[in-house]
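Notes follow the structure.
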Amino acid sequence: MAALRDAGIRVCFANPGTSELHLVSALERTSDLRAVLCLFEGVATGAADGFARMTGAPAATLLHQGAGLAYGLANLHNAARAASPVVNIIGDGATTHRGLGAPLESDVAALAAPVSRWVRTVGDPSRAGADAAGAVAAATGPPAGVATLIVPADMAWSPGGRQARPASAGPRPLAAQEPSAIGPGTTLLLGGAALRARGLSAADRLAQATQARILAEPFPGRLEQGAGVPAIQRLSADPDTAGRQLAGCRNLVLAGAVAPVRAFAEPDTAAGLTPAGCVVERIDGDVVAGLEELASRLALRQQARPQRPIDPPAIADAPLTADGVARVAGAVLLDGAIVVDEANTCSAALPLGTARHDLLTNSGFAIGLGMPLAVGAALACPDRPVICFQADGSAMYTPSALWTQARERLNITTIVLANRAYVILRRARRRVLGEAGTSALFNLSNPDLDFVALATAMGVPGNRAASTAELAARLRHALAEPGPHLIEAVVPPCL
Ligand SMILES: Cc1ncc(C[n+]2csc(CCOP(=O)(O)OP(=O)(O)O)c2C)c(N)n1
């Protein structure tokens with residue numbers, strides 16, 4: 001635990017069990033390492049992702065054996081896709097207990113492998129500190145990612161533990177190469193670090209000088225938006241819309257993004273979304289430095305473009321829709337806010353107004369990330385308000401994140417977009433099968449979920465809004481009062 005702390009870990013999101021008792025005891029005795037209890041492992045792993053995205057530093061989880069890790073895997077998948085540095089400490093049965101058929105015995109390393117870029121099992125207590133430091137170094141990268149350290153119970157309780165010096169960071173990658181022909185017909189597809197202010201501004205200067213277009217990857221880990229940063233359109237997650245956005249692109253330059261593909265295979269349809277004949281190039285290494293270098297070469301004396309003014313939204317009172325939610329939130333949003341977007345089909349109306357903010361989305365699309373991600377972001381940035389746009393179906397995967405929000409008194413306002421359906425799946429069924437989208441399996445009513453009661457049960461004050469005026473009033477109140485709040489926004493499905 002001390003080695004984790006010395007390597008820069010400040011928070012550990014935990015859901016421990018009997019095999020982690022010695023780790024818990026050590027965690028509680030380690031200064032400057034905060035333990036945050038999460039009631040489900042998916043909340044712990046999503047919160048670690050949120051903390052890492054907002055600080056750029058790794059966060060830890062403490063999980064119980066293979067079963068606990070398995071509950072956390074979906075949000076570790078999301079963390080890996082967002083290239084978030086996360087260190088999992090997984091307790092395991094004692095080495096002397098293997099093969100005896102104990103109830104929780106499992107192959108933890110095998111479960112961890114697909115989401116981890118580094119997996120190790122402590123084999124000697126005197127190496128545990130060095131292994132912990134190694135896990136932090138592996139998670140930090142570059143490239144950053146998920147590292148998993150498995151700690152058999154007897155490795156934690158046996159004497160001989162020694163603290164380790166933090167491993168030094170590896171060499172930084174080389175600067176970018178120059179893509180051949182950036183001009184009209186070029187699209188720069190930005191992702192990862194390129195979506196922060198510096199990268200966006202360099203890409204914007206480059207685009208102005210060359211008449212290239214810029215687009216953001218569909219699900220950014222962290223995108224800076226609002227006053228003072230160039231506005232950027234996101235490549236749609238809907239394959240038909242994405243196809244239209246990329247039509248006419250002859251040269252696609254990837255800066256921190258991967259070449260666009262459909263999220264799912266469909267019968268008789270190509271996987272890639274890059275237009276036929278389009279040349280694809282990539283800026284390697286430090287993409288922000290690469291964009292800046294290209295901008296300074298190709299955009300000599302070009303000044304940053306004045307920001308497109310975004311009209312202050314006029315909000316007449318009306319029954320609530322997803323669009324209305326985004327407009328109200330845009331008007332109320334404060335500079336410095338952190339916006340978590342797991343609104344799924346309701347998120348098309350974002351970006352929001354003029355306030356400068358960070359947008360965190362679900363990079364891996366294993367749903368159930370929004371509310372845990374908000375926990376991590378709020379702990380990382382206690383002075384910044386967090387607004388979480390949360391689709392109702394996805395909310396039900398990890399609702400106990402609300403309890404951690406209440407216990408830690410986090411300034412998070414969750415707006416649940418209650419369309420009472422799995423609308424994405426309705427749309428997909430229509431598109432792929434040509435059938436009516438409705439299905440009892442995509443319907444979340446009968447009974448309707450009561451998110452106000454659910455929030456109240458978790459210690460979070462809850463309210464419901466059915467009109468824009470009601471939402472504006474509730475949102476202003478929630479943002480003014482410390483601690484978490486939840487507003488159930490009843491909206492029709494965006495079909
Ligand atoms: C872990 C996981 N399980 C299941 C799915 C499949 N899935 C994709 S979207 C979706 C429903 C989303 O519904 P909701 O969150 O209410 O958003 P809406 O589509 O209504 O906007 C499901 C179940 C998934 N992406 N991830």
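The values are calculated or read from the model by the stated rules, or taken from the named source; none is laboratory data. Not measured: the values here are computed from a predicted model. So basically every Cβ, Gly included, is an ideal-geometry build from the backbone, and we count neighbours across all protein chains shown.
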Pairs needed: first member in the range 326-338, at positive phi; second member anywhere, assigned to a helix (DSSP H, G or I); C-beta distance under 7 Å; at least 6 residues apart or different chains. none
With respect to the numbered conditions (1) at pLDDT below 95; (2) surrounded by 19 or more Cβ atoms within 10 Å (Cβ to Cβ), which one is the sole condition not fulfilled by S236? (2)
Only listed residue being away from the ligand (no atom under 16 Å from the Cβ), of a type in the set (G, A, S) and buried (at least 22 other Cβ atoms within 10 Å of the Cβ), chosen from A377, A343: A377
Output yes when any residue across the range 330-347 is under 18 Å from the mean Cα position of the chain (by Cα), at pLDDT below 90 and more than 24 Å from G56 (Cα to Cα), and no when none is. yes
With A138, A169, A130 as the choices, which residue is farther than 18 Å from L73 by Cα, surrounded by fewer than 21 Cβ atoms within 10 Å (Cβ to Cβ) and at pLDDT 95 or above? A130
For the range 453-478, name all the residues that are assigned to a helix (DSSP H, G or I), surrounded by 17 or more Cβ atoms within 10 Å (Cβ to Cβ) and either touching a strand residue (DSSP E or B) at 6+ places or on another chain (Cβ under 7 Å) or among the charged types (D, E, K, R) (or both). A455, E470, L471, R474, L475, A478
Looking only at the range 23-48, which residues are within 18 Å of A378 (Cβ to Cβ) and of a type in the set (A, V, I, L, M)? A35, V36, L37, L39, V43, A44, A47, A48
Complete set of residues in the range 390-409 that are surrounded by 22 or more Cβ atoms within 10 Å (Cβ to Cβ) and either more than 13 Å from the ligand (Cβ to nearest atom) or β-branched (V, I, T) (or both): T398, A401, L402, T404, Q405
Starting from residues that are part of a loop (DSSP other than H, G, I, E, B) and out of contact with any helix residue (DSSP H, G or I) (no Cβ under 6 Å at 6 or more places or on another chain), keep the ones in the range 103-112 and report whichever is surrounded by the fewest Cβ atoms within 10 Å (Cβ to Cβ). P103
Test for R196: is it under 24 Å from the mean Cα position of the chain (by Cα), modelled with pLDDT of 95 or more and closer than 30 Å to D335 by Cβ: yes
Which one of these is in contact with a Gly (Cβ under 8 Å, 6 or more places away or on another chain) and surrounded by fewer than 22 Cβ atoms within 10 Å (Cβ to Cβ): A242, A247, A259, A227? A259
Hey, could you check the range 415-450 for residues that are away from the ligand (no atom under 12 Å from the Cβ) and outside any loop (DSSP other than H, G, I, E, B) and say which is surrounded by the fewest Cβ atoms within 10 Å (Cβ to Cβ)? A440
Touching a residue at least 60 places away in the same chain (Cβ under 8 Å), in a loop (DSSP other than H, G, I, E, B), more than 9 Å from the ligand (Cβ to nearest atom) and surrounded by fewer than 24 Cβ atoms within 10 Å (Cβ to Cβ): does that describe A348? no
Extreme residue, nearest to the ligand (Cβ to nearest atom), among residues of the range 351-370 that are among the polar types (S, T, N, Q) and within 26 Å of A80 (Cα to Cα): N362
Qualifying positions in the range 119-149 - over 30 Å from A193 (Cα atoms) and either part of a helix (DSSP H, G or I) or β-branched (V, I, T) (or both): T121, V122, P125, S126, R127, A128, G129
Within the range 89-106, work out how many residues are farther than 21 Å from W157 by Cα and touching a residue at least 24 places away in the same chain (Cβ under 8 Å). 0
